[in-house]
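**Q** Below are the structure tokens for one structure; questions will follow.
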Amino acid sequence: MRTVSHWINGSGVDAGSDSRFAEVTNPATGAATAQVALASRETVDSAIASAAEAFPGWRDTSLAKRTTILFAFRELLNQRKGELAEIITAEHGKVVSDALGEVSRGQEVVEFACGIAHLLKGGYTENASTKVDVHSVRQPLGVSAIISPFNFPAMVPMWFFPVAIASGNTVIVKPSEKDPSAANWMAELWKEAGLPDGVFTVVHGDKEAVDALLESPQVDSVSFVGSTPIAQYVYEKGTATGKRVQALGGAKNHMLVLPDADLDLAADAAVNAGYGAAGERCMAISAVVAVESIADELVAKIAERTRTLKIGDGAKDSDMGPLVTAAHRDKVAGYIDAGVDAGATLVLDGREVSENADPNGFFLNPTLFDHVTPDMSIYTDEIFGPVLSVVRVESYDDGIELINSNPYGNGTAIFTNDGGAARRFENEIQVGMVGVNVPIPVPMAYYSFGGWKNSLFGDTHAHGIEGVHFFTRGKVVTTRWLDPSHGGINLGFPTNG
């Protein structure tokens, strides 16, 4: 069986001291396709040492050279992104078109980072005090660790590493062990683009590898995306050891539909945002908040559209693929059981799996619940599967109160044709990313991605100018070049005269 191992100091390495392995499967068939090495602490330490050794040389590499390599990586990725999409589909299960979209959204951050020189410019003040000049610079941190989730094995690392590398840092990616091959593929592409050895490193593993990265004094920053409990763990453990940490957690994204909305548009959006990638998106819509007067009609339209979806192998002609593992599929199916037991109206039962799906694959059909109440687990918990819950409210104000009382604040959307209501929603909603008639409001790369409340631990969002600030720190230099007319002893505090 193929073994997916680490990428350290510019090449793939044998498992070495690693004695543990995890199985990698094709979720569409349930077949094991590879095993991935789970790094020992010794292996992680070796990766960190390689990245730390490469940092001084990369930090001192000119911006012109750095961006030349970024551009080369961009061109190679454009030419070969189809390869990467197929790798993602084979290990995650999402349909190929969705995987291509993931790569394209990650590529936007690469393109943003190609212009890093402008964003690293400092300021300069001549003669701030008599014959004293002041200037500022932004300098890289050092070794940056990226701990990424299974649902976006290419895009999420690309939220971070293009900006980190362009800014002069070296990077260690710890991808999910469920779909590890995309990270190795990107490492090889960096090598082909001319990136020096040690600047981009991949270590595979589980909690042992994560803890080794969090505890190492040579790791200067950590970027994480995953569930809220783990995000909080990463943030607390990383900051306790003096690291800069951005930890993006879970979500429960709501879509408020007002009576004046285009219900066909809203139904399309609910289906696309609720069931795309089998609901395994941190920006998936999982709760449709429908004002009571249009709820029946909206639910009927969502159900009608959902019944047309073709569920099957993501590499074939399918609209929705499987879930990532059997264990996760069973967990999501357990939530469907819980929703029924709690009294929600089961409009579409995803446990009745499509005949097009391989019986050995990890499939569920889309599930639609109506009359969901805020005390039910299908509402309170992040299910991360193709389960869409409709919560009915009497008014716009009730919808706002429901959304703002939720402990998560990642993304939300409103569907309306009333500009005043939309503007009020933008102002009043306590969520980090907002869509108006846009169900998945993922920002462009030159803005920054991240939520509020329990969806983010740390002060800095991903990519955009906030990403540049995260991977650099400011330094201010005050300069005076003496001449014969300036000197003498003065023990007083400077008056800036």
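The values are calculated or read from the model by the stated rules, or taken from the named source; none is laboratory data. Remember, predicted model here, so these are calculated numbers, not experimental data. No Cβ is skipped: glycine too gets one built from the backbone with ideal geometry, and neighbour counts run over all protein chains shown. All accessible areas refer to the heavy atoms of the entire protein, side chains included, with ligands and DNA or RNA removed. Shrake-Rupley method; radii C 1.70, N 1.55, O 1.52, S 1.80 Å.
**Q** Mind listing whichever residues of the range 212-242 are in contact (Cβ under 8 Å) with a residue 40 or more places away in the chain and more than 18 Å from LEU456 (Cα to Cα)?
**A** Residues satisfying the conditions are ALA212, LEU213, SER216, GLN218, VAL219, ASP220.
**Q** Turning to a different aspect of this structure: Taking the condition within 30 Å of TYR233 (Cβ to Cβ), out of contact with any Cys (no Cβ under 8 Å at 6 or more places or on another chain), part of a loop (DSSP other than H, G, I, E, B) and touching a residue at least 24 places away in the same chain (Cβ under 8 Å), does ALA445 pass?
**A** On the way: within 30 Å of TYR233 (Cβ to Cβ): yes; out of contact with any Cys (no Cβ under 8 Å at 6 or more places or on another chain): yes; part of a loop (DSSP other than H, G, I, E, B): yes; touching a residue at least 24 places away in the same chain (Cβ under 8 Å): yes.
It is true that ALA445 is within 30 Å of TYR233 (Cβ to Cβ), out of contact with any Cys (no Cβ under 8 Å at 6 or more places or on another chain), part of a loop (DSSP other than H, G, I, E, B) and touching a residue at least 24 places away in the same chain (Cβ under 8 Å).
**Q** Moving on. Condition first: open to solvent by 60 Å² or more (accessible area, probe 1.4 Å) and touching a Cys at 6+ places or on another chain (Cβ under 6 Å). Now tell me which residues in the range 67-108 satisfy that.
**A** Residue satisfying the conditions is PHE71 alone.
**Q** Which one of these is more than 28 Å from GLU108 (Cα to Cα), in contact with a helix residue (DSSP H, G or I) (Cβ under 9 Å, 6 or more places away or on another chain) and either without any contact (Cβ under 8 Å) to a residue 12 or more places away in the chain or open to solvent by less than 50 Å² (accessible area, probe 1.4 Å) (or both): THR479, THR460, THR416?
**A** None of the other options fit; the residue is THR416.
**Q** Output the residues belonging to the range 222-236 that are in contact with a strand residue (DSSP E or B) (Cβ under 9 Å, 6 or more places away or on another chain) and not acidic (Asp, Glu).
**A** VAL222, SER223, PHE224, VAL225, GLY226, THR228, ILE230, ALA231, GLN232, TYR233, VAL234, TYR235
**Q** What residue, among those in the range 264-293 that are surrounded by fewer than 18 Cβ atoms within 10 Å (Cβ to Cβ) and without any contact (Cβ under 8 Å) to a residue 60 or more places away in the chain, is nearest to MET433 (Cα to Cα)? I'd like the intermediate steps shown before the answer.
**A** Within the range 264-293, the first condition is being surrounded by fewer than 18 Cβ atoms within 10 Å (Cβ to Cβ), and the residues that meet it are 264-265, 268, 272, 292-293.
Those left that are additionally without any contact (Cβ under 8 Å) to a residue 60 or more places away in the chain: 264, 268, 293.
Values: ASP264: 23, ASP268: 20, SER293: 27 Å.
For the range 264-293, the residue satisfying everything is ASP268.
**Q** What's the number of the condition SER455 fails, among (1) touching a residue at least 12 places away in the same chain (Cβ under 8 Å); (2) surrounded by fewer than 20 Cβ atoms within 10 Å (Cβ to Cβ)?
**A** Among (1) touching a residue at least 12 places away in the same chain (Cβ under 8 Å); (2) surrounded by fewer than 20 Cβ atoms within 10 Å (Cβ to Cβ), the lone unmet condition for SER455 is (2).
**Q** Here's something else I'd like to know. Would you confirm whether any residue within the range 419-429 is closer than 30 Å to ARG105 by Cβ, assigned to a loop (DSSP other than H, G, I, E, B) and in contact (Cβ under 8 Å) with a residue 40 or more places away in the chain? Full working, then the answer.
**A** Of all residues in the range 419-429, those closer than 30 Å to ARG105 by Cβ come to 419, 421-429.
Of the ones still in play, those that are also assigned to a loop (DSSP other than H, G, I, E, B) are 429.
Remaining after also requiring in contact (Cβ under 8 Å) with a residue 40 or more places away in the chain: none.
No, every residue in the range 419-429 fails to be closer than 30 Å to ARG105 by Cβ, assigned to a loop (DSSP other than H, G, I, E, B) and in contact (Cβ under 8 Å) with a residue 40 or more places away in the chain.
**Q** Moving on. Which one is most open to solvent (accessible area, probe 1.4 Å) among residues in the range 249-263 that are of a type in the set (A, V, I, L, M, F, W, C) and touching a Leu at 6+ places or on another chain (Cβ under 7 Å)?
**A** LEU263
**Q** Which of the residues spanning the range 187-221 are aliphatic (A, V, I, L, M) and in contact with a strand residue (DSSP E or B) (Cβ under 8 Å, 6 or more places away or on another chain)?
**A** Step one: filter the range 187-221 for residues aliphatic (A, V, I, L, M), giving 187, 189, 193, 195, 199, 202-203, 209-210, 212-214, 219.
Answer for the range 187-221, where residues must be aliphatic (A, V, I, L, M) and in contact with a strand residue (DSSP E or B) (Cβ under 8 Å, 6 or more places away or on another chain): ALA187, VAL199, VAL202, VAL203, ALA209, VAL210, LEU213, LEU214, VAL219.
**Q** Which one of ALA31, ALA64, ALA51 is surrounded by 14 or more Cβ atoms within 10 Å (Cβ to Cβ) and either farther than 17 Å from VAL173 by Cβ or within 26 Å of the chain's Cα centre (by Cα) (or both)?
**A** Going through ALA31, ALA64, ALA51 in turn, the sole match is ALA51.
**Q** Okay, moving on. Filter the range 292-343 for residues that are in a helix (DSSP H, G or I) and β-branched (Val, Ile, Thr); which is farthest from ASN356 (Cα to Cα)?
**A** Selected residue: ILE294.
**Q** Quick one: would you say PRO484 is part of a loop (DSSP other than H, G, I, E, B) and at pLDDT 95 or above?
**A** For PRO484, the condition - part of a loop (DSSP other than H, G, I, E, B) and at pLDDT 95 or above - is not met.
**Q** Additional query: Name the residues in the range 222-252 that are among the hydroxyl-bearing types (Ser, Thr, Tyr), farther than 21 Å from ILE403 by Cβ and under 14 Å from the mean Cα position of the chain (by Cα), would you?
**A** Residues of the range 222-252 among the hydroxyl-bearing types (Ser, Thr, Tyr): 223, 227-228, 233, 235, 239, 241.
Filter again for farther than 21 Å from ILE403 by Cβ, leaving 223, 233, 235, 239, 241.
Matches in the range 222-252: SER223 only.
**Q** Among the residues of the range 27-43, count how many are out of contact with any Gly (no Cβ under 8 Å at 6 or more places or on another chain) and more than 21 Å from GLY12 (Cβ to Cβ).
**A** Here the count works out to 1.
**Q** Give the range 307-325 a look and list any residue that's under 16 Å from ARG351 (Cα atoms) and either open to solvent by 10 Å² or more (accessible area, probe 1.4 Å) or among the charged types (D, E, K, R) (or both), or say none.
**A** Selection gives ARG307, LEU309, LYS310, THR325.
**Q** Out of the range 222-281, which residues are within 19 Å of VAL171 (Cα to Cα) and among the hydroxyl-bearing types (Ser, Thr, Tyr)?
**A** Result: SER223, TYR235, THR239, THR241.
**Q** Now for a separate question. On the basis of being farther than 26 Å from PRO441 by Cα, open to solvent by 20 Å² or more (accessible area, probe 1.4 Å), out of contact with any strand residue (DSSP E or B) (no Cβ under 8 Å at 6 or more places or on another chain) and at pLDDT 95 or above, does GLY343 make the cut?
**A** Yes, satisfied.
Conditions tested, residue by residue: (1) surrounded by fewer than 21 Cβ atoms within 10 Å (Cβ to Cβ); (2) in a loop (DSSP other than H, G, I, E, B); (3) polar (S, T, N, Q).
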{"site": "GLU192", "(1), (2), (3)": "yes, no, no"}
{"site": "LEU195", "(1), (2), (3)": "no, yes, no"}
{"site": "GLU208", "(1), (2), (3)": "yes, no, no"}
{"site": "ALA212", "(1), (2), (3)": "no, no, no"}
{"site": "PRO217", "(1), (2), (3)": "yes, yes, no"}
{"site": "SER223", "(1), (2), (3)": "no, no, yes"}
{"site": "GLN232", "(1), (2), (3)": "yes, no, yes"}
{"site": "ALA247", "(1), (2), (3)": "no, no, no"}
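**Q** Can I ask one more? Residues of the range 118-166 being assigned to a helix (DSSP H, G or I) and open to solvent by less than 20 Å² (accessible area, probe 1.4 Å), which ones?
**A** Within the range 118-166, MET155, VAL156, PRO157, MET158, TRP159, PHE160, PHE161, PRO162, VAL163, ALA164, ILE165, ALA166 meet the criteria.
**Q** Among the residues of the range 167-186, which ones are in a loop (DSSP other than H, G, I, E, B) and either of a type in the set (Ser, Thr, Tyr) or open to solvent by less than 10 Å² (accessible area, probe 1.4 Å) (or both)?
**A** If the condition is that a residue be in a loop (DSSP other than H, G, I, E, B) and either of a type in the set (Ser, Thr, Tyr) or open to solvent by less than 10 Å² (accessible area, probe 1.4 Å) (or both), then SER167, GLY168, ASN169, PRO175, SER176, ASP179, PRO180 are the ones that fit.
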